[in-house]
Amino acid sequence: MVIEFSVKNFYSIKEEAVLSFEASYSDDLEDYYVVEPRDGMRLLKLGLIYGANASGKTTVLRALDFVRELVLNPLDKKTDELDFKPFLFDENTPFENTHFALSFVQNKVKYLLQLELNKKAIVSEKLYFFSPNKALVYERSTDVVHQVSRIVFGSKIKADKKYKNILEANTLWNNTVLGGFLKTNFNSSEMQECIDWFEEKLKPMITPRTNLLGFISEKINSNEINKQSVVDILRKADFNISDVILKREDEDLNDYLTGVVRESTPRYGNISIDREVFFRHKIGDHHRGYALPYKEESRGTQRYFQFSGLLDYMIKNKTIFLIDELESSLHPDLLRHFLLSFLTNTAGAQLIATTHYRELLMERDIFRNDAIWFTEKDAKGGTELFSLNDFDSSVVRNTSSIFNAYKIGKLGAVPQLDDYYISREEG
């Protein structure tokens, strides 16, 4: 699980922004929100980020997704540049380094990864583990003149000098050490645990344009997602769907349909499938129901099928999903149903999402203050990130309407709109 993530000088984020999942001392909805992945640690399963358009909500998710890509997909050539931009609305920041810090739990051990970089190189990098006390795994520095990485291991890490030299050679100046580790026949349980976390736990960012059909269908086919559970979730959401059918091109669909044009295969997480997906609808007394291809369903039905698969996957796996614009194509009641299903049924998964679904803030009995975050632009155009839990009791009380406070701008993070009149030149 993610404990805390910070980012500085990345796209719209100029000053350090910190997103924390450490639960406050409040015991509100403790059984639904709080998980203890190791002794003495209480982490939240959910983080929702509100804010006006262009306030930087998505940038927070992009930053975390960028770190994931940086680790798992290292550049092949030392002449390649890292694909990001620093904060540009300033005279100095375009020439300053970008900073990331990510702490997480993997198999009850806490890890802390710190990165300093620019478009050409990883300038410095440190990895710590806590078992139980803080200890260095490695510290990396880069000779930017000679474009060479130097790695020093902590005192608790046993590393043969021969393999250390190979790891240094494989860690290009624009790769992380973990990225170099992927290319090296080098044994390190701590580094492998980190790689496993990035590969198996932290999933790629999902946007409104992300088509999860291939990912969900492949997981159903491999029984990593239970098809009947997905059908039950869809039924409880009032979609009148009695079955989901995955069919290969050469398989018969009980003569329901003929001449269906197969769509191109969607992708998510480098997964693709060669199957068509159909939904069986139970209508009236028709004993077999009617089957419609996925592409003929509404966008809302498609989206909720995908989310139903994600929900079943998160119930079975302690994974972390980043979702931008969580409410896209979904009725507010469906979104509420999805969030409540997630909170009620998952045990170690995390959901980090941006949203404009402010109606959730009307219901004090289904959210915690420390799970709600806001972004807004400061006077210099930089993104500020802050929690609802940061407000003192004079602004937010247990009896307060958070929805009304947010709606009227008392909490910030809303667009500052002018009047509705548009001037026109005559003639």
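The values are calculated or read from the model by the stated rules, or taken from the named source; none is laboratory data. Note that the structure is a prediction, hence the values are computed from the model and not measured. Ideal geometry is used to build each Cβ from the backbone, glycine not excepted, and the neighbour counts take in all protein chains shown. Surface accessibility is based on the protein's heavy atoms, side chains included, excluding ligands, DNA and RNA. Shrake-Rupley method; radii C 1.70, N 1.55, O 1.52, S 1.80 Å.
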Problem set entry | Whether region 131-242 is rounded, prolate or oblate, judged on the alpha carbon gyration tensor where a/c under 1.5 counts as rounded | prolate
Problem set entry | Distance in nm between pseudo-label sites at K282 and V145 (7 Å out along the Cβ direction from Cα) | 7.5 nm
Exercise. How high is the FRET efficiency from K162 to F386, r the C-beta distance, R0 51 Å, rounded to 0.05?
Worked result: 0.55
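For region 45-116, what does the alpha-carbon gyration tensor say about shape, rounded, prolate or oblate, given a ≥ b ≥ c as the root eigenvalues, a/c under 1.5 as rounded, and a/b over b/c as prolate? Mind dumping the intermediate values first?
Values: a/c = 1.92, a/b = 1.10, b/c = 1.75.
It is oblate, given that a/c is not under 1.5 and a/b is not larger than b/c.
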Exercise. Lys/Arg Cβ at +1, Asp/Glu Cβ at -1, dipole of region 310-373 taken about the Cα centre: which of L335, M314, T354 is farthest positive-ward?
Worked result: M314
For this session: Enumerate the residues in region 40-66 having an amide nitrogen under 20 Å from the point lying 7 Å beyond the Cα of Y25 toward its Cβ.
Result: 40-44
For this session: With +1 on each Lys and Arg Cβ and -1 on each Asp and Glu Cβ, and nothing else charged, work out how big the dipole of region 1-156 is about its Cα centre, in Debye to the nearest 20.
Result: 500 debye
For this session: Evaluate the charge dipole of region 39-87 about its Cα centre and quote only its size in Debye, nearest 20, assuming +1 on the Cβ of each Lys and Arg and -1 on the Cβ of each Asp and Glu.
Result: 240 debye
Exercise. When you take every Cα atom in region 57-181, what is the radius of gyration, and what is Dmax, the widest Cα pair distance, in Å?
Worked result: 15.1, 46
Exercise. Given the pairs K110/K318; K162/K201; K45/K110; K161/K183; K158/K183, which are separated by over 25 angstrom at their Cα positions?
Worked result: K162/K201
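With a 1.4 Å probe and all protein chains left in place, how much accessible area per residue does region 49-113 have, in Å²? Working shown, then result.
Working: 3060 Å² over 65 residues.
Result: 47 Å² of accessible area for each residue.
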For this session: Run down the lysines and flag those whose C-alpha is under 21 Å from the C-alpha of K380, throwing out any fewer than 8 positions away in its chain.
Result: K8, K14, K57, K85, K410
For this session: Determine the shape class of region 156-206: with a ≥ b ≥ c the square roots of the Cα gyration tensor eigenvalues, call it rounded for a/c under 1.5, and otherwise prolate if a/b is greater than b/c, oblate otherwise.
Result: oblate
Exercise. Measuring from label point to label point, each 7 Å out along Cα→Cβ, what is the F130 to V152 span in nm?
Worked result: 2.4 nm
